[in-house]
Amino acid sequence: MSITINKITKTYGTQKAVDDISFTIEKGEIVGFLGPNGAGKSTTMKIITGYIPSTEGVATVCGITVDENSNETKEKIGYLPEANPLYYDMYVREYIDFITNVHAVQNKKEKIEEVIKTVGLTVEANKKIGQLSKGYKQRVGLAAALIHDPEVLILDEPTSGLDPNQIVEIRDLIKRLGENKTVLFSSHILQEVQAICDRVIIINKGKIVADDSLANLQKGKTDKHIVLVSFKEEINFDLLRELGEVSNIEQLQTKSYKLQTNNPESVRKQLLELSLKNNLNIVSLQSESNSLEEIFKSLTN
């Protein structure tokens, strides 16, 4: 396993920021780490990277115990913290060169140019970091996390401050990195997690409330299937209220409706029968799996 968290607890006085959590991540996995503000995401990441010690439990990275061999584990990890620490008076290349010295990277010049190209910093590479936009500062942080070619990447809000085009570029970069590295990243942009990850870990109030593939999480909430239907004609709303096994009906547009049910196949069949009986034309009829947003809300409310 690349990352193993075994019964980790972190307390601050009487408050438990992380409460007896366990999970493992294998090499090549890209895992999304989700939770509300204050749920324990950043604390867990700081424990994995050796930035802070756990109160109880053991964290290992690439088979190395973090608390006992902090420096050795840091050689295996590339870390982009939520508050990206940068020296604003340094030039981009100067700063990355400084980080190569910290990690004793060989073939420095070649590696620096390679990582600048990888994260899309080429056009800004001759500027001072303080002159960069927030998005480009985030790329400098990514470059620093990647420069020593770590086996494990811990990315805390990696797309924070990026515009939509930059988000897509960083998303593609994370996917490529995940082909031969282990990636654990947190994000408040649920669509990003949905686009990148096959597996999601959700933490709430310091405890793990879900750890599964996105597909399984979506299948698991069978009480909240959605059926979307659009008619060619305007219809009497009371007709939809006669449908069985529908717990909620929402009108999206004049002729479009969103129906919540625990039996979407039955509801689709009833809608077809309703249209025939009342001489109505259905323009579109489809089921919709639970979105990650709906799953997140149900697990963290």
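Some points to look at:
- Those residues of segment 1-32 which are under 29 Å from ARG171 (Cβ atoms), touching a residue at least 40 places away in the same chain (Cβ under 8 Å) and hydroxyl-bearing (Ser, Thr, Tyr), in sequence order: SER2, THR4, SER22
- Being modelled with pLDDT of 95 or more, among the hydroxyl-bearing types (Ser, Thr, Tyr), in the same structural domain as LEU142 (by TED's automatic domain parsing) and out of contact with any Pro (no Cβ under 7 Å at 6 or more places or on another chain) holds for only one residue in THR100, THR118, THR73, and it is THR100.
- Residue match in segment 165-175 (condition: in contact with a strand residue (DSSP E or B) (Cβ under 8 Å, 6 or more places away or on another chain) and either farther than 30 Å from SER213 by Cα or among the hydrophobic types (A, V, I, L, M, F, W, C) (or both)): yes
- Criterion (assigned by TED's automatic domain parsing to the domain that holds HIS225, small (Gly, Ala, Ser), in contact (Cβ under 8 Å) with a residue 24 or more places away in the chain and crowded, with 16+ Cβ neighbours inside 10 Å) met by exactly one of SER256, SER275: SER275
- Residue that is farthest from THR43 (Cα to Cα), among those in segment 5-32 that are basic (Lys, Arg) and buried (at least 16 other Cβ atoms within 10 Å of the Cβ): LYS16
- Residue list for segment 98-123, filter: surrounded by 18 or more Cβ atoms within 10 Å (Cβ to Cβ) and either among the basic types (Lys, Arg) or part of a helix (DSSP H, G or I) (or both): ILE99, THR100, LYS111, ILE112, VAL115, ILE116
The values are calculated or read from the model by the stated rules, or taken from the named source; none is laboratory data. In this text the structure is predicted, and so the values were computed from the model without any measurement. Reconstructed Cβ throughout: ideal geometry from the backbone, glycine too, with neighbour counts over all protein chains shown.
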